[in-house]
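One structure is given below, encoded as structure tokens.
The values are calculated or read from the model by the stated rules, or taken from the named source; none is laboratory data. Because the structure is a prediction, the values reported are computed rather than measured. Positions of Cβ are backbone-derived with ideal geometry, glycine not excepted, and every protein chain shown enters the neighbour counts. The accessibility values were calculated without ligands, DNA or RNA, using every heavy atom of the protein model including side chains. Shrake-Rupley method; radii C 1.70, N 1.55, O 1.52, S 1.80 Å.
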Amino acid sequence: MHLIYKIQGGNFSRAGNASSEVKKILKQLNIEARIIKRIVVALYEGEVNIVAHAFNGVITVAIDTEKITIVLTDNGPGIPDIEKAMEKGYSTASPAVREMGFGAGMGLPNMKKNTDEMYITSEINKGTVVTLINYLLP
Amino acid sequence: MKLSLIINKINGTQLAGDPLTDNEVEYAFASDLMSDVLTVEKEDILLITGLNNLQTIRTAEMADIRYIIFARNKKVNCDIKRLAEENNMVIIESPYSVYKVAGILYNLGVKPIF
């Protein structure tokens, strides 16, 4: 199964809609609740990151019997120092993002915690690609 | 602890969810920072917050949280209420501060998650 969602930067009222859709589909597929929670928490943090930092983005979700692979691709400022961005507490979020209850520098570390594999590539003034992989089998 | 008793003790108004609220609440967590809420691994907890926007409901949805108390007299708008109802959540408004709500729940025996 292959799902694609377009994400609009700056539109906080829709932030989380894609993650919500994915959660409903994973539930229908009878995937274990604990695994669903890990996937959707990581996905939601990633979706909020696109809304908070980028102009727009695309989320693709590929589901097979073995694993779920999520790729979040955005057109945005890029991350100058990925290692620093992975540090807990480091954030470049705007006051608007903080008003939404985010922007405390916890998103990327929490995404890593909730995935089995996570990869980030980024290019300044172009955008960022985050790949999240969760295995469904023990 | 029965949710109906919690609502009564915090002078709460229930805005969405099953009106019988015979449900039991064992654990609670208080935060205005949704990133913190998303780090909580325990499911089926009650969230006490003063952050009243759609992302509070979205966060609760992802974190499998079904009960939310909006403290310090924060009012819930119809978009928040609708999204909570879609997700079968119970939402409650309380005029008390987060600190006071948390204190009352703690005294009632609702446990902290850490």
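Look at (1) outside any helix (DSSP H, G or I); (2) open to solvent by 70 Å² or more (accessible area, probe 1.4 Å); (3) within 14 Å of chain B (Cβ to nearest Cβ); (4) touching a strand residue (DSSP E or B) at 6+ places or on another chain (Cβ under 7 Å) and you find that A:Lys112 fails only one, number (1). Based on what the data block shows, is A:Val61 farther than 22 Å from A:Ile133 by Cβ, at pLDDT 95 or above and either loosely packed, with under 13 Cβ neighbours inside 10 Å or in contact with a strand residue (DSSP E or B) (Cβ under 9 Å, 6 or more places away or on another chain) (or both)? Criteria not met by A:Val61. When the residues of the range A:59-87 are narrowed to those that are touching a Gly at 6+ places or on another chain (Cβ under 8 Å) and among the acidic types (Asp, Glu), which ends up farthest from A:Asn110 (Cα to Cα)? Filtering first and then ranking leaves A:Asp74.
Test B:Asp32 against the stated conditions and say whether it is open to solvent by 70 Å² or more (accessible area, probe 1.4 Å) and either in contact (Cβ under 8 Å) with a residue 24 or more places away in the chain or away from chain A (no Cβ under 13 Å) (or both).
Against the criterion (open to solvent by 70 Å² or more (accessible area, probe 1.4 Å) and either in contact (Cβ under 8 Å) with a residue 24 or more places away in the chain or away from chain A (no Cβ under 13 Å) (or both)), B:Asp32 does not qualify.
Could you tell me whether B:Ile57 is within 13 Å of chain A (Cβ to nearest Cβ), part of a loop (DSSP other than H, G, I, E, B) and buried (at least 22 other Cβ atoms within 10 Å of the Cβ)? Answer is no for this residue. Restricting the first member to the range B:84-95 and to residues that are free of Cβ contacts under 8 Å to residues at least 24 places away in the same chain and more than 13 Å from B:Gly50 (Cβ to Cβ), and the second to residues that are surrounded by 18 or more Cβ atoms within 10 Å (Cβ to Cβ) and hydrophobic (A, V, I, L, M, F, W, C), the beta-carbon pairs closer than 9 Å and six or more apart or on different chains are B:Glu86/B:Ile57. When B:Asp79, B:Asp44, B:Asp64 are checked against the criterion of being surrounded by fewer than 17 Cβ atoms within 10 Å (Cβ to Cβ), of a type outside the set (S, T, N, Q) and at positive phi, B:Asp44 stands alone in meeting it.
In summary, no helices (runs of 4 or more DSSP H) completely within the range A:1-101 bear 1 or more residues that are more than 10 Å from chain B (Cβ to nearest Cβ) and aromatic (Phe, Trp, Tyr).
Of all the criteria given as (1) more than 13 Å from chain A (Cβ to nearest Cβ); (2) farther than 22 Å from A:Arg98 by Cα; (3) surrounded by fewer than 22 Cβ atoms within 10 Å (Cβ to Cβ), the one not satisfied by B:Arg72 is (2). Checked against (1) part of a loop (DSSP other than H, G, I, E, B); (2) open to solvent by 20 Å² or more (accessible area, probe 1.4 Å), B:Ser4 passes all but a single condition, namely (1). Scanning the range A:115-138 for residues that are open to solvent by 50 Å² or more (accessible area, probe 1.4 Å) and in contact (Cβ under 8 Å) with a residue 60 or more places away in the chain yields a total of 2. Determine whether the range A:78-100 contains at least one residue that is β-branched (Val, Ile, Thr), surrounded by fewer than 21 Cβ atoms within 10 Å (Cβ to Cβ) and out of contact with any strand residue (DSSP E or B) (no Cβ under 7 Å at 6 or more places or on another chain). Looking through the range A:78-100, at least one residue is β-branched (Val, Ile, Thr), surrounded by fewer than 21 Cβ atoms within 10 Å (Cβ to Cβ) and out of contact with any strand residue (DSSP E or B) (no Cβ under 7 Å at 6 or more places or on another chain).
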